[in-house]
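Written out below as structure tokens is the structure these notes cover.
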Amino acid sequence: MKLGVLGASGRMGQQIIQYAESFGFEVSHAFVSEQSQFLGQSVAGTHYRHLAEADDAPDVLIDFSLPHALHENLAYAEAHQCPIVVCTTGLDAEQQQRLRDTASQVPTLHARNTSLGVALMEQLTRIAAGAFKEADIEIFEAHHRHKKDGPSGTALALGEAAARGRQVQFEAINDGVRGDGERSAHGIGFSVVRAADIVGEHQVWLAQAGERIELSHRVSDRRIFAEGALRAANWLTAQTPGECYQMADVLDLKKQLAQLLD
């Protein structure tokens, strides 16, 4: 199966290229920005080019580029009816709506974190927040010093999962990132660390008088993200347009957890 990688010269793009073959993919399209030092080069059998140069398409796309490239990337996927896994974080409301529009035309999956463990953690957070409705929630996240957005997309996804568990709008109970002053009761707060080469760490605390639940997930190797994205791409090729899929759909987690809790 032919795979296209958007943001191919970045950390995650290189990981995708490295592990693609083990998931049955041939990297036929490696897309980079016009400013990339990889542009026009062929490295280890992979030719790097800009999206505007392509008049053909792979069987599926994985996007690890930046938010400003989203519209062009989605337009390419729509024009070629190519399923796309979007792993870009830091999208605004308008870009998220653009994703949903694309999902109505071609199979689309948006994953702010492609770790299968994080997908499970989101569902566990939703369940715990719904059961512990009186608990204050604090979400801790730590990443390498070069990460640009904060709180991370994963931390925000965990917050949104907690809000869904309580059947309230995330914006209504989001306390944001604050290190001084009081927190609102039963709200969701965030703590952010940027240091050294931390790959990714997330914790969710649900604290109420006398007790606290802690959920945590740590990644020590970016290979985990690459393997999750490749698994998602494989799965997506068998899906139909409609909703914007998530990693939980790849694992069928909602059904599995419902059966366990029955």
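The values are calculated or read from the model by the stated rules, or taken from the named source; none is laboratory data. Everything numeric here is computed off the predicted structure, so don't read it as measured data. As a convention, Cβ positions derive from the backbone with ideal geometry for all residues, glycine included, and neighbour counts pool all protein chains shown.
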**Request:** Could you tell me whether the range 27-42 includes any residue that is in the same structural domain as Glu78 (by the TED database), among the charged types (D, E, K, R) and either in contact with a strand residue (DSSP E or B) (Cβ under 7 Å, 6 or more places away or on another chain) or over 27 Å from His146 (Cα atoms) (or both)?
**Result:** no
**Request:** Return the pairs, sorted by first residue and then second, in which the second residue is at pLDDT below 95 and buried (at least 18 other Cβ atoms within 10 Å of the Cβ), the first residue lies in the range 116-128 and is more than 14 Å from His202 (Cα to Cα) and small (Gly, Ala, Ser), the beta carbons are less than 8 Å apart, and the residues are 6+ apart or on different chains.
**Result:** none
**Message:** Looking at the structure I just gave you, is Val106 in the same structural domain as Tyr19 (by the TED database) and surrounded by 19 or more Cβ atoms within 10 Å (Cβ to Cβ)?
**Reply:** yes
**Prompt:** Within the range 155-177, restricting attention to residues that are in contact with a Ser or Thr (Cβ under 8 Å, 6 or more places away or on another chain) and assigned to a helix (DSSP H, G or I), which residue is surrounded by the fewest Cβ atoms within 10 Å (Cβ to Cβ)?
**Reply:** Ile173
**Item:** Count of the range 1-38 residues which are hydrophobic (A, V, I, L, M, F, W, C) and either at pLDDT below 95 or closer than 16 Å to Asn73 by Cβ (or both)
**Value:** 10
**Request:** Determine the pairs where a residue that is free of Cβ contacts under 8 Å to residues at least 60 places away in the same chain, located within the range 12-29, has a partner that is in a helix (DSSP H, G or I) and small (Gly, Ala, Ser) with Cβ atoms under 8 Å apart, the partner being 6 or more residues away or on another chain.
**Result:** Glu26/Ala20; Val27/Ala20
**Request:** Take the residues in the range 1-13 that are part of a strand (DSSP E or B) and not basic (Lys, Arg), then tell me which one is surrounded by the fewest Cβ atoms within 10 Å (Cβ to Cβ).
**Result:** Leu3
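Of the residues Val193, Val204, only one is modelled with pLDDT of 95 or more, in a strand (DSSP E or B), among the aliphatic types (A, V, I, L, M) and touching a Ser or Thr at 6+ places or on another chain (Cβ under 8 Å); which? It would help to see each step written out before you state the result.
Values: Val193 fails: touching a Ser or Thr at 6+ places or on another chain (Cβ under 8 Å).
Sole residue among the options that is modelled with pLDDT of 95 or more, in a strand (DSSP E or B), among the aliphatic types (A, V, I, L, M) and touching a Ser or Thr at 6+ places or on another chain (Cβ under 8 Å): Val204.
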**Asked** List the pairs whose first member sits in the range 206-219 and is in the same structural domain as Leu120 (by the TED database), whose second member is loosely packed, with under 15 Cβ neighbours inside 10 Å and of a type in the set (Lys, Arg), and whose Cβ atoms are under 8 Å apart, counting only residues at least 6 apart or on separate chains?
**Response** Leu206/Arg212
**Item:** One residue from Ala75, Ala93 being farther than 23 Å from Glu53 by Cβ, free of Cβ contacts under 8 Å to residues at least 12 places away in the same chain and either surrounded by fewer than 16 Cβ atoms within 10 Å (Cβ to Cβ) or in the same structural domain as Ala8 (by the TED database) (or both)
**Value:** Ala93
